[in-house]
Every structure is written in structure tokens, then in C-alpha cells.
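Following: one structure in C-alpha cells, then a few remarks.
The values are calculated or read from the model by the stated rules, or taken from the named source; none is laboratory data. Note that this is a predicted model, so its numbers are computed, not measured. Quick reminder, even Gly has a Cβ in these numbers, built from the backbone with ideal geometry, and neighbours come from all protein chains shown. These area figures cover heavy atoms from the full protein model, side chains too; ligands, DNA and RNA do not enter into them. Shrake-Rupley method; radii C 1.70, N 1.55, O 1.52, S 1.80 Å.
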Amino acid sequence: NRLEPHETENLLLRIKDSAAWPTLDRQSVLAHIVKLRPELAPLLASRAAKTENAGRGPVTSQRMFRERQQQLDRIVNAEIPRVAKDIAIARSYGDLRENFEYKAAKEAQSILFHRRDELMRQLQQVSPTDFKGYPTEKAGIATTVSIEYPDGRRERYHVLGEWDSDTSRGIISSTSRMAMSVIGRSTGDAVEVPSENGNVKCRLVEVSPLPEDIRAWAEGFDT
């Protein structure tokens with residue numbers, strides 16, 4: 001008999017967090033379970049992320065975390081089943097050695113499996129955050145920085161998490177070259193930032209907390 005949803009969830013998390021198994025063995029068992037029950041992939045990724053301490057390791061906005069959860073859900077519950085049907089139909093055409101439809105469908109399936117596994121890894125490794133409680137005395141995650149160029153021009157950037165980027169709003173990933181050039185620096189410090197013509201020496205003129213509209217974007221509540 002199939003386990004109840006909460007029993008399945010508890011079993012998956014017990015396997016994931018067990019210290020009795022080598023890491024590779026745990027990952028292998030979890031991958032096998034997901035292969036047999038693909039609908040569990042989003043659940044595993046989501047629950048695993050929730051057990052992580054948002055103060056440790058890579059983080060991203062709740063908006064971008066949900067987007068990747070939705071991508072995973074669409075792949076697992078819509079695209080993989082659709083390709084499986086295409087493979088079944090292609091099999092009915094006969095000789096698989098000369099069956100272009102079958103080969104194309106199998107290739108598409110392989111790509112989807114790879115993307116599914118990649119998204120699961122990402123969702124387990126990166127935690128969602130609301131960017132509250134981060135220090136703002138120095139440039140870093142959850143800060144807004146203003147940079148003054150030698151010609152007096154100023155630019156403002158909002159440093160969020162690993163998957164966050166929106167050039168129209170000045171949002172940059174914490175792993176971008178621009179963010180890496182200012183993280184850990186204080187107001188008044190000289191910084192060397194990337195530009196189209198190479199690195200440019202500038203001045204960090206302000207470090208401040210994120211404005212409310214950027215926090216709203218991060219939570220997915222902007223219009």
C-alpha cells in the first residue's frame with residue numbers, strides 16, 4: 001500500500017538527513033525514489049530547502065526560488081509525462097533503429113531528466129530568504145549601494161541573492177562581478193568595478209538597507 005503524503009514526506013527527509021548512510025548512497029536512494037515517484041521531486045526539493053538555515057550557505061529571493069520550484073513542477077508533472085507518451089507512440093511505429101520520432105523523443109526525455117536533476121540540486125543547495133536581518137553597515141547581500149565614477153556619474157545597485165537579477169530595477173546577483181567588487185566595503189571606500197572597457201576605479205558613496213519596492217519584488221508582490 002502507498003504511504004500517506006505526510007508519511008512519504010517524513011520518510012524522504014529521514015533518508016536525506018540520515019547520518020548512517022554515506023552521502024552518495026543517500027543521493028542514489030533518493031534519486032531512485034524520485035524515478036519511481038516523479039511527483040515527489042518538487043516536494044523533496046521544497047522540504048529540503050525549508051530545513052536549511054537561511055543564514056548559512058547560498059540564498060536567493062523567495063520570488064526566484066518559487067520560479068524554479070514551478071519550473072521543476074512543470075517538468076515533472078507535464079513535460080516528462082508528455083514525452084513519455086510520445087515515446088510510447090513512436091514505439092508503435094515499428095523498427096526503432098530507423099525510427100526518427102522515437103530517437104527525438106528519447107533525446108528530449110534525456111534533456112528533461114537532466115534539467116529535472118539540475119533543478120533539484122539547485123533547490124536543495126540554495127535557500128529562499130526575505131532578506132530581513134542582514135547587516136547593512138557594509139556592502140553585501142540585502143544592501144543597496146551607490147557608486148560614483150570618476151566623471152561624477154552615479155549608479156545604484158541592489159545586491160540580492162544568487163539567482164536574482166533585474167537590470168531595469170538595478171537588482172544584481174550576489175555572485176555578479178559588480179557585487180563581488182563591493183561586498184565587504186564601506187561608505188567612502190575606493191572600489192574597482194567592472195565596465196565595458198575593463199575595471200574602473202570608483203568610490204562607494206553610500207551603503208543602505210534595501211528599499212521597500214525591492215523587498216516587494218523579492219517577495220513577488222510587485223505589480
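Table for the structure above
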| item | result |
| --- | --- |
| Matching residues in the stretch 161-175 - criterion: being surrounded by fewer than 17 Cβ atoms within 10 Å (Cβ to Cβ) and under 23 Å from Glu137 (Cβ atoms) | Gly170, Thr175 |
| Which numbered condition Asn53 misses (of (1) in contact with a helix residue (DSSP H, G or I) (Cβ under 9 Å, 6 or more places away or on another chain); (2) assigned to a loop (DSSP other than H, G, I, E, B); (3) at pLDDT below 75) | (1) |
| Residue list for the stretch 120-155, filter: surrounded by 20 or more Cβ atoms within 10 Å (Cβ to Cβ) and more than 13 Å from Ala179 (Cα to Cα) | Met120, Leu123, Val126, Ser127, Pro128, Thr129, Phe131 |
| Phe221, sole failed condition from (1) of a type outside the set (Gly, Ala, Ser); (2) in a loop (DSSP other than H, G, I, E, B); (3) open to solvent by less than 70 Å² (accessible area, probe 1.4 Å) | (3) |
| Enumeration of residues in the stretch 103-137 that are among the aromatic types (Phe, Trp, Tyr) and either closer than 19 Å to Gln70 by Cβ or in contact with a Phe, Trp or Tyr (Cβ under 7 Å, 6 or more places away or on another chain) (or both) | Phe113 |
| Residue count, the stretch 121-132 (criterion: over 16 Å from Glu212 (Cα atoms) and either of a type in the set (Asp, Glu) or part of a strand (DSSP E or B) (or both)) | 2 |
| Residue within the stretch 133-150 that is acidic (Asp, Glu), part of a strand (DSSP E or B), in contact with a Ser or Thr (Cβ under 8 Å, 6 or more places away or on another chain) and within 19 Å of Pro194 (Cα to Cα) present | no |
| When residues of the stretch 191-212 are limited to those that are free of Cβ contacts under 8 Å to residues at least 24 places away in the same chain and open to solvent by 70 Å² or more (accessible area, probe 1.4 Å), the one nearest to Glu67 (Cα to Cα) | Glu212 |
